[in-house]
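Have a look at the structure below before the remarks.
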Amino acid sequence: MTIAQSTEFPRPEPVGHGPGAVGTPDEFAELLPQTRRALLHRLAVGQAEGRAPSMTGAVVRDGRAVWTGARGAVAGEASHGDVQYRIGSLTKTFVAVLVLRLRDEGLLRLEDPVGRHLEGTPVPDATIAQLLSHSAGLAAEPRGPWWERTAGALRPEPADLFDERPQRLPAGRHHYSNVGYAVLGALVERLRDGVPWGGVLRREVLEPLGMDRTTLRPEKPYASGWAVHPWADALLPEPAEDTGLMGPAGQLWSTLQDLCRWAAFLLRGDARVLGAASLAEMRAPAVPPESGTWDAGYGLGVQLLRREGRLLVGHQGSMPGFLAAVWADPEEDVAGVVLTNCTSGPAAGALAADLTGIVLAHEPRIPEPWRPLPGPLDPELLALTGPWYWGANPHALRLRAERGLELTPLSGAGRSSRFRAEEDGTWTGLDGYYAGETLRVRRDRDGAVSHLDLGTFVFTRGPYEPSAPVPGGVDPEGWRV
């Protein structure tokens, strides 16, 4: 195999879709030359030090690929954005979206035991949420030989995936389980009238997002998978088996261009595939950390990583001969993608995270221009805005788009949260301490606003306002010096 020189693709592929899609040539915004060189340098160092036959990388920002590059070769030619690589456990993020779609359609609840919907499974008591978040305590790997390097035909039935002890730990503790995602794939097939999970994925996710080069089996052009000798610069080909029932844990092949589309979806969502609220639910930590603080965790089908003060969401993947990673920063609207055809050596996950950090260090995100809310403006909602006090702690309530509200502390201490308007006149917390909690406006007998009730906490217009129903009451003598 010859090794080509490092290359930077001449112009990244647009990844926007549908009406108003971004990334068309006349809207394309180039990164600065020093930023592009820093990105290419990081990719080149990763490929050289990791001794990878080939490596490709990309950065997605503002809904489009703003940089793509390659190092090394595939079949003697420089790799490019349409070459397929196996993406391993990145497959799990796709399966999780399929499950969340079923939930949003009312076909299941995340707290349901999987046995309620999937007859005959050896783990009927594991909840769907636990399977998504690897917290059911299931075995990490299926029964039999190393599943990633052997044919799925060795495990033709769901019962063949488990040995006599399918649950290794008490439920509730994070324990990564590939076999748990095989169960989720079977669940998707059962609730989609027997259509295999791969067919459901094609119809419900890949086609709407324009990911035509993401497949269950490799389609040319694709990279071969290699192992690199630990003490010599020599290569050994790796097998690329069809893993059968274990496919939902790591079967997919994809390209740099397609994964840029997937990263854009993880950043911004797409109403045709999954609503913003459900996507935000996937990103939230689903199981408590092992200690009081954490720098890595798991949501519903996505990995979470704290890095340099930022929270990244995405996934890393590995299969024999391949490594892959997608890390997205929703707050900064930037993501990094890395693909390589090497079993071990390159730190694909760290590299993908570094690509996002390089862009933010060289070119901090320019905020969207401020715009007024679309009309008409509801005067009653506007009257709710302004200062509110939890006890003596001042907060500000601001009106956002679609009748949403945002509560933020003004003293530097306190809890902030955004709230979604509900049809019954209440609001539901979207993040922070108040996520899932209900905000209600309470009125007196005359219909005037008395106070805000937020999960039993009372917010008043003045600090410990005597006329409001402050729990425990307010001293009748009031404030004093």
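The values are calculated or read from the model by the stated rules, or taken from the named source; none is laboratory data. Predicted model only: the values in this text are computed from it and were never measured. Using ideal geometry, Cβ is built from the backbone for each residue, glycine included, and neighbour counts are taken over all protein chains shown.
For the reader, a short list of remarks on this structure follows.
- Of everything in the stretch 334-363 that is at pLDDT 95 or above and assigned to a loop (DSSP other than H, G, I, E, B), the residue that is farthest from Pro248 (Cα to Cα) is Glu363.
Let's see how each residue does on (1) closer than 22 Å to Leu279 by Cα; (2) over 22 Å from the mean Cα position of the chain (by Cα); (3) crowded, with 23+ Cβ neighbours inside 10 Å:
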| position | (1), (2), (3) |
| --- | --- |
| Glu111 | yes, no, no |
| Val114 | yes, yes, yes |
| Glu119 | no, yes, no |
| Pro122 | no, yes, no |
| Ile128 | yes, no, yes |
| Ala136 | yes, no, yes |
| Gly152 | no, yes, no |
| Pro158 | no, yes, no |
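- From the list Val99, Val123, the lone residue that is β-branched (Val, Ile, Thr) and not in a loop (DSSP other than H, G, I, E, B) is Val99.
- Only listed residue being more than 30 Å from Glu332 (Cα to Cα), surrounded by fewer than 13 Cβ atoms within 10 Å (Cβ to Cβ) and not β-branched (Val, Ile, Thr), chosen from Glu465, Glu402, Glu477: Glu477
- Test result for Leu384, under 14 Å from Leu439 (Cα atoms) and under 29 Å from the mean Cα position of the chain (by Cα): no
- Options Ala227, Ala240, Ala249; residue that is among the aliphatic types (A, V, I, L, M), in contact with a Ser or Thr (Cβ under 6 Å, 6 or more places away or on another chain) and surrounded by 13 or more Cβ atoms within 10 Å (Cβ to Cβ): Ala227
- Among strands (runs of 3 or more DSSP E) entirely within the stretch 387-454, having at least 2 residues that are touching a helix residue (DSSP H, G or I) at 6+ places or on another chain (Cβ under 6 Å) and more than 23 Å from Ser467 (Cβ to Cβ) singles out 417-421.
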